[in-house]
Amino acid sequence: MPLPAAAIFDLDGTMVDNNPFHIKAWQAFYERRGRILTEADYKTHINGRTNADVVKWIFEGEPITDADIAAYTDEKESLYRDIYADFIKPVHGLLPWLHQLQQHAIPIAMATSGIPDNINFFFQHVPVQPFFSLVVNGTQIKKGKPDPEIYTLTAQKLGVNPTACVAFEDSVPGVQSALAAGMKVVAVTTTHTAAELSMAHAIIPDFSNLTVNEMIRLIENI
């Protein structure tokens, strides 16, 4: 296999191990309404999905407007940034891995269901923005993960064939999204177990031992 045409990264749970903090923020959001959110609910219905899809699930059966979605999103994400600000750090090995991809002239992009405020928050705390030639976020798509739209759009904007790209994901909907776009997928076990992510081409605990040659070997299942 030749070098990938691009390396495309999810954000939450992939480049930062932040899902415990997203859970805490959603739980605080729930508590304000006298409700309880379990970790199982988070994994099944929230992780990897757009806030619009999450809000519609939370308030299923109730009339929800675009203004409601925007307000609920702002409320929850403000909680998240307040909770996470003192703890944010990249997943182990991320920065050396991005350097290595850059040294091999492999374009690097982000495809996240997250919102611009959270992406900017990430870049402010983790010095990796110069590596990314493109960022596609949840406000730019109509269908969230597991639909492949965000990955096909990212490949289109990069001007590359999706089947020549490698995606890095941590969630089941994210892996399904990238697979449906035709990409090779490397899953990071920050949020889900290896068994839960078994549909990915390769599974890693973090980026610490990853090399370009090892990535090629993993996704070829040699």
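The values are calculated or read from the model by the stated rules, or taken from the named source; none is laboratory data. On a predicted model such as this, the values are computed, not experimentally measured, just so you know. For neighbour counting, all protein chains shown are included, and Cβ atoms are generated from backbone atoms with ideal geometry for every residue, glycine included. Heavy atoms of the whole protein, side chains included, go into the accessibility calculation; ligands, DNA and RNA do not. Shrake-Rupley method; radii C 1.70, N 1.55, O 1.52, S 1.80 Å.
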Heavy-atom accessible surface of the chain: percent carbon and sulfur, 1.4 Å:
51
For the chain, set up a Gaussian network in which alpha carbons nearer than 10 Å are linked by springs, and say which option among GLU169, GLU62, GLU196 fluctuates the most.
GLU62
Using alpha carbon centers only, the range 170-193 is separated from the range 120-155 by a whole-angstrom value of 15
Spin-label pair ALA105/PHE59, simplified geometry with 7 Å Cα→Cβ offset, distance in nm:
5.1
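Kindly provide the helix-only [θ] at 222 nm of the chain, computed as the sum of -39,500 (n - 2.57) over DSSP H runs of four or more divided by all residues, to the nearest 500 deg cm²/dmol?
Details: 8 runs with 87 residues, N = 222.
Calculated from helices alone, the mean residue ellipticity at 222 nm is -12000 deg cm²/dmol.
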Pop the C-beta distance of LYS142 and ALA40 into the FRET formula with R0 = 35 Å and round what comes out to the nearest 0.05.
0.80
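Can you say what percent of the DSSP beta bridges in the chain, counting only those with both residues inside, are antiparallel? Round to 5. Don't skip to the end; give the middle numbers.
On the way: 1 of 19 bridges.
Rounded to the nearest five, the antiparallel share is 5 percent.
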Ignoring chymotrypsin sites (Phe, Trp or Tyr not before Pro) that are buried or in helix or strand per DSSP, and keeping those with at most 14 other beta carbon atoms within 10 Å, what is the longest stretch of the chain between them?
88-222
Let me know the charge dipole size of the range 29-166 about its Cα centre in debye, to the nearest 20, where only the beta-carbon of Lys, Arg (+1) and Asp, Glu (-1) is charged.
400
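To the nearest 20 Debye, how big is the dipole of the range 1-87 about its Cα centre, given +1 on the beta carbon of each Lys and Arg and -1 on that of each Asp and Glu? Before the final figure, lay out the partial values.
Working: 9 positive and 16 negative charges, 31 e Å.
Taking the Cα centre of the range 1-87 as origin, the dipole is about 140 debye.
Students sometimes get this wrong: rank SER208, SER113 by accessible area, probe 1.4 Å, all chains present, largest first.
On the way: SER208 50, SER113 15 Å².
Putting SER208, SER113 in descending order of accessible area: SER208, SER113.
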Point-charge dipole on Cβ atoms (K/R +1, D/E -1) for the range 110-177, about Cα centre, debye to 20:
160
Cα centroid of the range 31-56 to Cα centroid of the range 13-29, whole Å
11
What accessible area, in Å² to the nearest ten, does a 1.4 Å probe give for VAL188?
0
